[in-house]
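Only one structure is covered here, and it is reproduced in the block below.
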């Protein structure tokens, strides 16, 4: 997303604005926050504001973030979400080990993500 936005910002903006649960006001708010606080601080706050990371990736080139700085900063911004999900699923797997077949467990994990995103898109329309 960063590279696309650096090459063709209008096309990248149109694509991101068309994503479910992303709205023009959300993009404007993220842009204002990035201008006010810097891209990294604004992106760190993104998960609590339900702003997808792709919005920050879209805006980062126009806010002066170099590709190496953006790539390095993406790790701490995204890591907490991935760690929480991994820990939650590891705990469920540990509790279910020996009681639920691995295929059913994987089906449950997949269903959870699908249901989560359906809920997210319904409650955060773009």
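Bear in mind that the values in this text are calculations on the coordinates, not laboratory data. All of these numbers come straight from a predicted model, not from anything done at the bench.
Relative to the longest principal Cα axis of the chain, at what angle does helix 67-96 sit, 0 to 90 degrees, rounded to 10?
20 degrees
Can you give the relative contact order of the chain as a percent, counting alpha carbon pairs under 8 Å and 6+ residues apart?
Relative contact order here is 34 percent.
What is the angle, in °, between the Cα long axis of helix 102-123 and the longest principal axis of the Cα atoms in the chain? Nearest 10 is fine, range 0 to 90.
That works out to roughly 40 degrees.
Report, in whole Å, the centroid distance computed from the Cα atoms of segment 29-74 and segment 76-126.
Value for the Cα centre distance between the two parts: 25 Å.
The list (1) 42, 29, 24; (2) 44, 31, 31; (3) 52, 29, 24 gives values of Cα extents along the principal axes in Å, and only one came from this structure; which label was calculated from it?
Identified label for the calculated read-out: (3).
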